[in-house]
Amino acid sequence: MSGIAGIVSAGGAPVDPGRLARMAAALAPRAPDGTRTWSGGRCALVHGLLLTGEEPAPPPQPFSADGQVHVCADARIDGREELARALGAGGIAAAPDDPAALLIHHAYRLWGDECAAHLLGDFAFALWDAPRGRLFCARDPFGVKPFFYARTAEAFLFSNTLGCLAADPAVPAGLDEGWIGDFLVHGDTQDVAATVHSAIRQLPPAHTLVVEDGRVSIRRYWSLPVDEETRYRRPGEYVDHFVQLLREAVRDRLPPGAASFFLSGGRDSTSLAALARETIARGERTTELRGYTAYYERLMPDREREFTELAADALAIPTEYTPVDGYQAFERWETPAFRRPQPTASVLMAIEVDQLSSAARHGRVLLTGQGGDAVLRETRSRLTKLAASGRLLRAAREAAEYAWLHGRVPRPGVRTWLHERRGGRAWRAEVPRWVDAAFARRTGLHDRVAAWNQGPAVVHPLRPEAYEQLAAPLWPGMFLAYDPGVTGTPVEVRHPYFDVRIVRYLLSIPPAQWYNDKGLLRIGMRGRLPERLLRRPKSPLVDDPLRVRWLQQGDAWLGGRSVTEAVAPWIDVGRVPAAAGGRSPEPPEQWWQEIRPLALSLWLSAQRR
């Protein structure tokens, strides 16, 4: 919703106004509704405003209710009624419709450094406590909102916009080789505290940061729960509880003006749209909804439009359908609008950019179904596991329950069970053959990949696969790709499945075959979505669009782009396949991985420009 930045001088000297003005200018592209600065001696704060239609209109930031504590926040606070009651019980009068900055101010007054643990929603904020001469910062539990920081000899700097810090001449230049190694193997960092810039760090999700007396201290305030359990007697009670929480998550994220949805033909996004329509019909929100769907029309068989139309027509949500067959790899990457603060593996980024731009014309809030697979995920091998452990009666009972609730016989999941018995992850990472050997040795890349393949250190007793998915470090990077500070598009993207209330509940319910394959959604959305869509099996794309495009166009599919020697410190260019921009005649083995050297090369070229 906003851009934030700030500086705390290490020696107590006032912040240079020119430096503050440069930070404000760096936030301007993400802040179409103006920027504002505040300076109080050795601390200075900058806020760039992006209005999203929330009511009431927020007070100007940086904000202070008492002249002592100054708040600079990019925040959307959920569960406001409960928060207001908790603040009232502590002697602080607060109303549910108080602006987010004021609620954060109240929470800090009452709970001090524990305040973030009492807040629900997506947030990144900093508070300058003038009487104590300390800066307190926090980031939301899943890292939906970014928070970056850097330390120089004379100051501590922070922002939710990476480019704002990277452009500061006092921040040392240099790239983080650990980040680059992770990017080449996984497509993003596996270290949630790292950025591609070695001098700039991220505050990890669910952490607070304090700058005081020249020291920086970081502490975790929340973790995914592993010891909570919810038990009901009937499946319907589990479903009702889930739908109630999902409706609250959607309602809290709907603005009173306009909101868009990225709709696919699956159950995740369409379920959110159905609950949004229900919320509006109840008079709880007055939001104009619109859907946006990307689909393949000719390049490969794709039924996304068919099933999306089924849901959109049933819900009476106007939807814009965009065929994406004609999009090329790295299309428009050389233009300023496509420059990103970090390398990205999103080869077809033009699709995302155009979809987001279309949504921006409707309104400044967009909801996605991201996270549905993660929070609702559980192994298909449960029945085989039960049978293999001698619990045949339990397996038969759960199979019968599944058949009664879903009208079909469940799959036993023997293949999945055999893989799980071998240990490790379903997909095993490998260091690509074109990674420079010396670079791999000095960064310990092979050891890091081997450790990743071993799987997570913590195994959840009830929902191991959901826990592993939710704990994966990929999510902050995915959220960052949608952030206005990256896209330059004035749209705040919200993800209802990443709601602490939903995640806590879904990690607390005992395993049962009936809710595998998103049984909770299938049952909960009956009567809300067409039955044909609810019964649709999960169906990924039938082919890799990069491979298909190359088969059609040959080497011309890259538009003459090739890997340059700029990547030589990390990549043996001679071993990168020519079809991926390199020199080797060998065809790519994994298209989405072997295109990353070219993505890195193009990013380096953009940085030089």
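Summed over region 223-241, residues that are under 30 Å from H207 (Cβ atoms) and either loosely packed, with under 11 Cβ neighbours inside 10 Å or of a type in the set (V, I, T) (or both) total 4.
Based on what the data block shows, is P205 at pLDDT 95 or above, outside the structural domain of R364 (by TED's automatic domain parsing) and outside any strand (DSSP E or B)? Yes: the conditions hold for P205. Of the residues making up region 498-519, those that are closer than 21 Å to R535 by Cα and within 23 Å of the chain's Cα centre (by Cα) number 2.
Taking the condition surrounded by 13 or more Cβ atoms within 10 Å (Cβ to Cβ) and in a loop (DSSP other than H, G, I, E, B), does R549 pass? When the stated conditions are applied, R549 does not pass them.
In region 202-220, the residues that are in contact (Cβ under 8 Å) with a residue 40 or more places away in the chain form Cβ pairs under 7 Å with partners that are exposed (fewer than 14 other Cβ atoms within 10 Å of the Cβ) and among the polar types (S, T, N, Q), at six or more places apart or across chains, as follows: A206/S223; V210/S217. Considering region 267-381, the qualifying helices (runs of 4 or more DSSP H), each wholly inside and each with 2 or more residues that are farther than 18 Å from R247 by Cα, small (G, A, S) and in contact with a Lys or Arg (Cβ under 8 Å, 6 or more places away or on another chain), run over 349-362.
To keep it simple, each residue is scored yes or no on (1) in a loop (DSSP other than H, G, I, E, B); (2) charged (D, E, K, R); (3) outside the structural domain of L367 (by TED's automatic domain parsing); (4) touching a residue at least 40 places away in the same chain (Cβ under 8 Å).
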| site | (1), (2), (3), (4) |
| --- | --- |
| K145 | yes, yes, yes, yes |
| A150 | no, no, yes, yes |
| A153 | yes, no, yes, yes |
| C164 | no, no, yes, yes |
| V171 | yes, no, yes, no |
| D188 | yes, yes, yes, yes |
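Can you confirm whether region 411-432 contains a residue that is aliphatic (A, V, I, L, M), without any contact (Cβ under 8 Å) to a residue 12 or more places away in the chain and surrounded by fewer than 16 Cβ atoms within 10 Å (Cβ to Cβ)? Yes - at least one qualifying residue is present in region 411-432. Looking only at residues of region 501-525 that are of a type in the set (D, E, K, R) and part of a loop (DSSP other than H, G, I, E, B), we find that the one that is surrounded by the most Cβ atoms within 10 Å (Cβ to Cβ) is K518.
Close Cβ contacts (under 6 Å, 6 or more residues apart or on different chains) running from residues in region 51-77 that are modelled with pLDDT of 90 or more to residues that are among the hydroxyl-bearing types (S, T, Y) comprise H70/S64; D74/S2.
The residue of region 577-597 that is modelled with the highest pLDDT, among those that are of a type in the set (A, V, I, L, M, F, W, C) and within 30 Å of the chain's Cα centre (by Cα), is I595. So for region 68-84 (the condition being of a type in the set (D, E) and closer than 19 Å to G6 by Cβ), does at least one residue qualify? Yes: one or more hits.
The values are calculated or read from the model by the stated rules, or taken from the named source; none is laboratory data. Please read these numbers as outputs of a predicted model, since none were measured by experiment. Backbone-built Cβ (ideal geometry, glycine too); neighbour counts: all protein chains shown.
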